[in-house]
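Novice: Provided herewith is a single structure, encoded as structure tokens, for subsequent inquiry.
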Amino acid sequence: MSSSDLHRFRQIHLDFHTGPAIPDVGAKFDAKAFAQTLKAAHVNSITLFAKCHHGHLYYETDAPAKHPTMKGGLLEKQIAALKVERIRTPIYISVQCDEYAANTHPEWIALNPDGSRVGRRPLANDSFCWQILDMSSPYVDYLCAQTEEVMKKFGPVDGLFFDMCWDQPSVSNWAKAGMVKAGLNPESETDRATYSRQVSHSYMKRLCDLVATYQKDVPIFFNSRPTIRLSDEKKYLKHVEVEALPSGQWGYQYFPVNIRFVRPLDMPTLGMTGRFHKSWADFGGLRTVPSLHYDCAQALAHGAACSIGDQLHPAGILDKGAYDVIGQVYDYVERCEPFVRDTKAPKEIAVLYAEELPGNHARETFEGVYRALTPLGYQYDFVLPEAKWEDYAVVIVTTATPLTEDLKQRLDAYQKKGGHVLREVTECEASPFTTTYLRFAAEARGALAESDHVFYERGVRMKAQSGDKVLAQIVEPYFERAWNHFCSHAQTPSKLEVSEYAAGVVRGNEALLALPVFLAYARHANLPCRQLVAAALKVLLPKPAIRLEAAKYVEAVANVRPGQRIVHLLSFVPQKKTATMEMVEEAVPARNITLDIKVSQPVKAVTLQPENKSVAFTDADGYVTVKLDWIEGHTMVVVEQG
């Protein structure tokens with residue numbers, strides 16, 4: 001299978017979790033209408049169900065797990081109809097969620113340390129709550145037999161999507177025996193987590209080996225695993241799918257953070273969103289064209305294919321309105337594809353990534369990185385500390401990432417070869433104040449008012465050294481607020497005189513920040529946090545890949561490929577419509593944009609794509625400059641060099 005065939009840009013993930021109480025499953029399926037609806041919506045790949053979370057099978061089989069009200073095999077009919085239209089049909093198999101197996105073999109259900117079952121309680125009917133199977137039990141043999149039947153019946157397959165594959169600790173008899181055999185203690189929470197990861201890798205390898213006996217190089221993806229594990233688990237995968245329905249539990253910050261971790265892995269990748277107003281199985285919930293346009297534009301900007309989640313009605317009918325909406329978005333995606341394939345991100349900033357652990361606030365910290373760097377126009381990736389990052393121009397080390405001796409040595413060697421580091425300092429004495437104030441140097445203040453700006457998180461007491469360029473100084477309060485001495489409603493006011501401590505300095509080719517600016521920005525959205533980062537990077541990275549003058553809601557993502565520089569501009573603003581939901585109802589216009597793009601060769605032409613509109617430009621000092629009066633939604637600025 002060619003990489004272009006695998007990396008199709010207009011995909012659908014067609015959920016079909018259908019309970020046994022639903023009558024006449026698939027009874028109204030019309031093969032011709034099914035195929036034509038997808039073709040008219042510009043879809044060229046769709047993931048179809050062999051087995052759902054209910055544990056039911058949707059193909060013709062003698063297995064008792066076949067859906068009880070389905071007459072004939074639905075999956076066979078779907079695949080046959082779509083092969084005629086050359087639409088790919090990867091196959092979905094649920095893993096740890098299988099209600100049929102749980103009900104017929106309750107001994108296979110994973111157990112919590114207190115002996116209770118993992119997942120749905122016996123009388124509960126909560127949304128997104130299923131009985132969870134123990135992957136150290138004989139259930140794995142059952143799952144493998146189902147997978148083998150799929151390969152025999154449908155091979156060669158276009159791909160396999162195994163879902164619900166997280167590491168699930170359990171204290172079943174099988175799990176306890178396995179832990180003891182592995183030299184682990186079932187009473188230890190850490191050992192239970194370690195064993196659950198071993199179990200996951202074991203069944204992932206077993207499934208890969210099983211599939212390979214029937215068909216080599218099948219595109220396999222195991223969903224529900226943290227992206228931070230992908231470096232270790234690439235051997236089980238041919239591609240990556242980043243599931244992120246922004247109106248569901250993921251939110252609008254999940255995809256742009258995780259895609260920047262996945263992209264440096266250099267694997268075919270797709271961004272999975274959903275057409276639902278809320279989340280999966282929101283029947284009748286339909287998002288707007290601009291909201292899906294935004295999700296797909298973000299995927300394209302990072303070189304990823306697009307996947308839109310839908311759920312087939314139990315009768316077997318696609319929702320016409322949903323595919324009218326999807327069709328408008330995928331028509332646009334199709335026109336963008338020639339400018340997205342085979343692109344690379346510039347190696348500008350590597351942010352050393354860390355797993356969320358108790359007390360390190362990693363999720364919030366890296367969300368703060370995204371929220372701070374994106375409006376500044378810098379190009380950045382999230383990279384594991386142990387990965388190769390020495391070819392980036394700047395490395396950022398946050399308080400969430402442990403500064404081990406090995407990392408210190410690598411950073412020292414990197415700096416000696418001319419690399420630049422921005423680091424949040426942790427080794428100095430902690431400040432006795434939870435809230436302090438920043439007084440910026442005039443040249444570092446940017447557009448901020450000349451004022452002492454509050455900082456809402458505790459930092460450290462760092463002193464500037466001779467030769468340091470001081471970006472901002474700390475102004476301390478009179479005292480720490482307490483029950484018996486406080487002033488006014490909130491934090492204690494400042495003493496007005498600067499202290500002997502610096503908030504941020506540039507020392508050689510390293511910027512040192514005495515404050516957890518990224519965590520604070522994620523929590524408080526306080527502009528001095530972002531400005532301190534901007535001031536530091538202006539010194540460390542004076543000639544970035546792009547320079548952008550635009551409204552701060554405009555996102556700019558740069559790409560390179562031979563002979564071209566491509567910058568995606570996105571102008572959308574998610575609005576908070578309820579206490580917990582953000583929505584995009586329409587694209588937002590942005591005016592008076594100036595974009596400088598670093599080039600390495602003479603510039604022949606600049607166009608806006610996919611509309612193929614020529615743009616006037618100037619070319620000087622290693623940059624091409626374009627001025628745009630107006631953008632709305634998404635556009636690509638394509639620079640032809642040579």
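The values are calculated or read from the model by the stated rules, or taken from the named source; none is laboratory data. The structure presented is a predicted model; accordingly, all values stated were derived computationally and were not measured. Heads up, the Cβs are rebuilt from the backbone with ideal geometry, glycines too, and the neighbour counts pull from every protein chain shown.
Novice: Which count do you get for residues in region 346-360 that are surrounded by fewer than 20 Cβ atoms within 10 Å (Cβ to Cβ), in contact (Cβ under 8 Å) with a residue 60 or more places away in the chain and touching a helix residue (DSSP H, G or I) at 6+ places or on another chain (Cβ under 9 Å)?
Specialist: Selection size over region 346-360: 1.
Table: residues versus (1) surrounded by fewer than 19 Cβ atoms within 10 Å (Cβ to Cβ); (2) not in a strand (DSSP E or B).
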| site | (1), (2) |
| --- | --- |
| Leu512 | no, no |
| Leu515 | no, yes |
| Ala520 | no, yes |
| Pro528 | no, yes |
| Ala536 | no, yes |
| Val539 | yes, yes |
| Arg547 | yes, no |
| Lys552 | yes, yes |
| Asn559 | no, no |
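Novice: Going through Val584, Val626, Val588 one at a time, which residue ends up being assigned by TED's automatic domain parsing to the domain that holds Arg565, on the phi < 0 side of the Ramachandran plot and out of contact with any Ser or Thr (no Cβ under 6 Å at 6 or more places or on another chain)?
Specialist: Val626
Novice: Restricting attention to region 128-135, does a residue exist that is touching a His at 6+ places or on another chain (Cβ under 6 Å), in contact (Cβ under 8 Å) with a residue 60 or more places away in the chain and not acidic (Asp, Glu)?
Specialist: Yes, region 128-135 contains a residue that is touching a His at 6+ places or on another chain (Cβ under 6 Å), in contact (Cβ under 8 Å) with a residue 60 or more places away in the chain and not acidic (Asp, Glu).
Novice: Could I ask something else about it? Scan region 122-136 and tell me whether some residue there is modelled with pLDDT of 95 or more, surrounded by fewer than 20 Cβ atoms within 10 Å (Cβ to Cβ) and more than 20 Å from Phe222 (Cβ to Cβ).
Specialist: no
Novice: Just give me the residues in region 595-642 being assigned to a loop (DSSP other than H, G, I, E, B) and surrounded by 14 or more Cβ atoms within 10 Å (Cβ to Cβ), in sequence order.
Specialist: If the condition is that a residue be assigned to a loop (DSSP other than H, G, I, E, B) and surrounded by 14 or more Cβ atoms within 10 Å (Cβ to Cβ), then Val599, Pro610, Val615, Phe617 are the ones that fit.
Novice: Would you say Phe34 is modelled with pLDDT of 95 or more and either assigned to a loop (DSSP other than H, G, I, E, B) or not assigned by TED's automatic domain parsing to the domain that holds Cys129 (or both)?
Specialist: no
Novice: Would a scan of region 565-573 turn up a residue that is surrounded by fewer than 14 Cβ atoms within 10 Å (Cβ to Cβ), on the phi < 0 side of the Ramachandran plot and either charged (D, E, K, R) or free of Cβ contacts under 8 Å to residues at least 60 places away in the same chain (or both)?
Specialist: Within region 565-573 (the criterion being surrounded by fewer than 14 Cβ atoms within 10 Å (Cβ to Cβ), on the phi < 0 side of the Ramachandran plot and either charged (D, E, K, R) or free of Cβ contacts under 8 Å to residues at least 60 places away in the same chain (or both)), the answer is no, since none of the residues qualifies.
Novice: Still on this model: Would region 62-75 turn up any residue that is outside any loop (DSSP other than H, G, I, E, B), closer than 22 Å to Gln215 by Cα and in the same structural domain as Gln131 (by TED's automatic domain parsing)?
Specialist: yes
Novice: Let me confirm something: among Val157, Val140, which residue is part of a helix (DSSP H, G or I), touching a residue at least 24 places away in the same chain (Cβ under 8 Å) and in the same structural domain as Leu48 (by TED's automatic domain parsing)?
Specialist: Step by step, each of Val157, Val140 is checked, and only Val140 is part of a helix (DSSP H, G or I), touching a residue at least 24 places away in the same chain (Cβ under 8 Å) and in the same structural domain as Leu48 (by TED's automatic domain parsing).
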